[in-house]
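Step one of this worksheet: look at the structure below.
Where a number appears in this text, it was derived from the coordinates with a stated rule and is not lab data. Being a predicted model, the structure only gives us computed values, none of them experimental. With ideal geometry, Cβ positions are generated from the backbone for all residues, glycine too; neighbour counts draw on all protein chains shown.
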Amino acid sequence: MTPSRLAFATILAKDLRAELRTLQSLPAMALFAVTTFVIFRFGLDRTSLSGSLAAGVLWATLLFAAVLGINRLFVAEREEGGFDAIRLAPIDRTALFAAKAAALLVYLLVLELIVVPVFALFFLDSAAALPPLAAVLLLADLGLAATGTLISSMAVHSRARDLLTPLVLLPLVVPLMIAATGATEPLLTLGGPAYDRFGTWLAVLGLYDLVFLLVGYAVFDFLLED
Amino acid sequence: MYGKGLRTLSIATVAALAAALSLIFFYAPLDADQGFIQKIFYLHVPLSIVALLGFVAGGVYAILHLRSGERRWDAYSYVCIHLSVIFAVGVLITGSIWAKASWGHWWVWDEPTLVSFLIVFLLYATYYPFRYAIEDPERQARYASVFAVTAGAFVPLNFLAVRLAESLVHPRVFATTAGGLPGSMMLAFLVSIAAMALLWVTLVKLELTAKSASGQLKRLRRALDAPAPGAPSRVAPEV
């Protein structure tokens, strides 16, 4: 393994192990999401959802749950001196970006593994849409992981970390949400999944992922300089 | 000094604005379909073009800042984004007026350009709280530049996504911006673009001058306490 790959694997394993031992992000994210579903049930006064309403509820909930995790992504690095250690280590700094984005991706996937079945159980008539939905979820998670890591790594150094992450992140992920809800809406229509412009939306999601992974890769070096 | 040429530039701006306004109101014909309200098009479209180009310029200066590490480019980037945000407010207001007059509503969700522009404006509006929440000035400049680059990459993606969300239902109404205009309207439109661009450049230069002057003043005040000979006359503007 090259040194950067080794650094990537080490940081990622460290993050996942820390999360497994402390459980400080994932349970909160999942609990938040399930509670939000309950609030939507009463806020919309619906016991079952389909089409654009279902897509909107699912994505708004997932996005806000993701923000909880994104907020905490770099807190340990900042408080325990992880940033200084990375700066001292003779490794490519982008390894930290890649590892953190990968860790966030894992969090989001685990979150969705718990929360999307709950969503289907609460609101959907059939689970037929879930397999194609997985592709949308994966692509949207990649984009969220890229932008979330980038914004979180900057916001963690500010006075108003918890405020800043959602403030900057939400407008930044609007195109991602447009594409994700656009792809999800026909999947969740009554009477089985439809694939209306599914490919177009997946292509937009892929393009968003590509652009922001490249941007993150290009600028992350500057965020660690001191 | 940053103030050099400011007077000539201001005079040129005033002349261009006067020319644009007189062309708009006395030379360009009334629109057969929309009538007098169509005149706001000569303000709205140039404003939005200049604001978007200003955001691009902010991103380019941010790249320069990240590559060279010179604080000057960060100040340029800040001022570009700052003025473009102000122009963007103008775009949203004039767009709203136009929408009310020609579609009957102050806000129309299915006009993709309008919605895209709102999202871009919302993103750039977070530039200020983001920038000023970071205390260390070096880090603040660096992070603000990273923001400007990221937001620059976001703008075309956003226009693409919003356009796609509407394209099947609503065909573009204003696809004829250049091709469909008669010559006299085109002339007024082009002069308006030039005038708005000049206005933007003048304001950028003015703000840079003011910030440079206040930076110099701060340095002079400090020098009164501890005199240091041979200070440079061109001080980077402070943001």
> Going by how many other Cβ atoms sit within 10 Å of their own, how do B:LYS211, B:LYS100, B:LYS4, A:LYS100 line up, fewest first?
Replying inline: B:LYS4, B:LYS100, B:LYS211, A:LYS100
>> I'd like the chymotrypsin sites (Phe, Trp or Tyr not before Pro) in the range A:1-98 restricted to DSSP loop residues with at most 10 other Cβ atoms within 10 Å, sorted by number.
In response: none
> How large is the charge dipole for the protein assembly as shown, taken about the Cα centre, if only the Cβ atoms of Lys, Arg (+1) and Asp, Glu (-1) carry charge, to the nearest 20 debye?
Replying inline: 1280
> Residue by residue, what Karplus-based ³J(HN,Hα) values in Hz, rounded to whole numbers, does the range A:52-57 have, using 6.51, -1.76 and 1.60 with θ = phi - 60° and x for Gly and Pro?
Replying inline: 5, 4, 4, 4, x, 4
>> Cross-link candidates for B:LYS218: which aspartates and glutamates have Cα within less than 20 Å, leaving aside residues fewer than 8 places away along the same chain?
In response: B:GLU70, B:ASP74, B:GLU135, B:ASP136, B:GLU138, B:GLU207, B:GLU238
> Within chain A, what's the longest stretch lacking GluC sites (Glu not before Pro) that sit in DSSP loops with no more than 12 other Cβ atoms inside 10 Å?
Replying inline: A:81-224
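Taking the range B:69-123, which chymotrypsin sites (Phe, Trp or Tyr not before Pro) meet the DSSP loop condition and have no more than 16 other C-beta atoms within 10 Å?
On the way: sites: B:TRP73, B:TYR76, B:TYR78, B:PHE87, B:TRP98, B:TRP103, B:TRP106, B:TRP107, B:TRP109, B:PHE117, B:PHE121; in loops: B:TRP106, B:TRP107, B:TRP109.
Of the chymotrypsin sites (Phe, Trp or Tyr not before Pro), the ones in loops of the range B:69-123 whose Cβ has at most 16 other Cβ atoms within 10 Å are B:TRP106, B:TRP107, B:TRP109.
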>> Need one value for A:142-154: mean number of C-beta atoms belonging to other chains within 10 Å of its residues' C-beta atoms.
In response: 2
> When we measure straight from the Cα of B:LYS205, which lysines land under 17 angstrom away, once same-chain ones fewer than 8 places off are left out?
Replying inline: B:LYS4
> Taking B:LYS39 as the anchor, which lysines have their alpha carbon closer than 17 Å to its alpha carbon, excluding any fewer than eight residues away along the same chain?
Replying inline: B:LYS100
>> Using only the alpha-carbon atoms, how far is helix B:6-22 inclined from the longest principal axis of chain B? Give it as 0 to 90 degrees, nearest 10.
In response: 10
> Given B:HIS105, A:ALA76, A:ALA179, which one lies farthest toward the positive end of the charge dipole of the protein assembly as shown, if we put +1 on the Cβ of every Lys and Arg and -1 on the Cβ of every Asp and Glu?
Replying inline: A:ALA76
> By how many degrees, 0 to 90 and rounded to 10, does the Cα axis of helix A:26-43 deviate from the longest principal axis of chain A?
Replying inline: 30
>> Between helix A:130-155 and chain A, what is the angle of the helix's C-alpha long axis to the longest principal axis, kept within 0 to 90° and rounded to the nearest 10?
In response: 40
> Using bins 5 angstrom wide from zero, how does P(r) for the range B:6-214 break down, in % of all Cα pairs?
Replying inline: 1, 7, 13, 17, 18, 15, 13, 9, 5, 2, 1, 0
> So, with +1 on the Cβ of K and R and -1 on the Cβ of D and E, and no other charges, what is the size of the charge dipole of the range B:6-214 about its Cα centre, to the nearest 20 debye?
Replying inline: 420
> Hey, fewest Cβ within 10 Å first, where do A:ASP15, B:ASP136, A:ASP92, A:ASP141 land in order?
Replying inline: B:ASP136, A:ASP92, A:ASP15, A:ASP141
> Which of the chymotrypsin sites (Phe, Trp or Tyr not before Pro) found in the range A:132-226 are in a DSSP loop and have at most 14 neighbouring Cβ atoms, other than their own, within 10 Å?
Replying inline: A:TYR195
> What's the average, rounded to a whole number, of partner chain beta-carbon atoms within 10 Å of each residue's beta-carbon in B:64-72?
Replying inline: 1
> What's the exposure ranking of A:SER4, B:SER48, A:SER50, B:SER68, going from fewest to most Cβ atoms within 10 Å?
Replying inline: B:SER68, A:SER4, A:SER50, B:SER48
> With chain A treated as a Gaussian network of Cα nodes joined by springs under 10 Å, which of A:PRO186, A:PRO117, A:PRO131 yields the largest mean-square fluctuation?
Replying inline: A:PRO131
> How large is Rg over Rh for the range A:1-86, taking Rg from the Cα atoms and Rh as the Kirkwood inverse mean of 1/r across Cα pairs?
Replying inline: 1.16
> Taking chain A as a Gaussian network, Cα atoms linked when under 10 Å apart, which of A:GLY216, A:GLY82, A:GLY51 shows the biggest mean-square fluctuation?
Replying inline: A:GLY82
> Which of A:VAL115, A:ILE91, A:LEU144 sits closest to the plus end of the dipole of the range A:3-224, meaning its Cα is farthest towards the positive end, when Lys and Arg get +1 and Asp and Glu get -1 on the C-beta?
Replying inline: A:ILE91
> Hey, could you pull the Cα Rg and Dmax for the range A:133-213, both in Å?
Replying inline: 14.6, 50
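Evaluated at 37 °C with a viscosity of 0.692 mPa s, what Stokes-Einstein diffusion coefficient in µm²/s does chain A have when Rh comes from the Kirkwood expression over alpha-carbon pairs?
Result for D is 180 µm²/s.
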>> On alpha carbon coordinates alone, what is the Rg over Rh value for the protein assembly as shown, Rh being the Kirkwood radius?
In response: 1.02
